[in-house]
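Visitor: Quick one: structure below, then a few questions.
The values are calculated or read from the model by the stated rules, or taken from the named source; none is laboratory data. From a predicted model like this one, the values you see are computed outputs, not experimental measurements. Positions of Cβ are generated from backbone atoms using ideal geometry, with glycine treated the same way; all protein chains shown enter the neighbour counts. Heads up: the accessible areas ignore ligands, DNA and RNA and are worked out on the full protein's heavy atoms, side chains in. Shrake-Rupley method; radii C 1.70, N 1.55, O 1.52, S 1.80 Å.
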Amino acid sequence: MFGRLGAPEIILILVVIILLFGAKKLPDMARSLGKSARILKSEAKAMKSEGQDNATAASAPPQDDQQPQSQRTIQAAPGDVTSSRPVTEPTDTTKR
């Protein structure tokens, strides 16, 4: 039903987007999309490293004195100081 998009179709789509949102709002939208992508990437990286840490902790013998987890800070874009905040991780209370 839908064929491949060529140059005229892509140009038409871009013109419609500019008419709908306005040229002034597009850079702000792109900037916020970039921030969201960076945060998502850092969270995915943290989850991956946390999964690897859990795999190595599962193979290690259990310790009696559990240390509380330290706070993590979500890093914002350079120069955006207001959105950096410490985040407390939820603790896993279930025994496996």
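Visitor: When both residues are 6+ apart or on different chains and their Cβ atoms are under 8 Å apart, which pairs have a first residue that lies in region 23-51 and is assigned to a helix (DSSP H, G or I), and a second that is open to solvent by 70 Å² or more (accessible area, probe 1.4 Å)?
Guide: Qualifying pairs under 8 Å: L26/I18; M29/F21; S42/Q75; A46/R72.
Visitor: I'd like the full set of residues that are at pLDDT below 85 and surrounded by 10 or more Cβ atoms within 10 Å (Cβ to Cβ), limited to region 1-17.
Guide: L5 - this is the single residue of region 1-17 that is at pLDDT below 85 and surrounded by 10 or more Cβ atoms within 10 Å (Cβ to Cβ).
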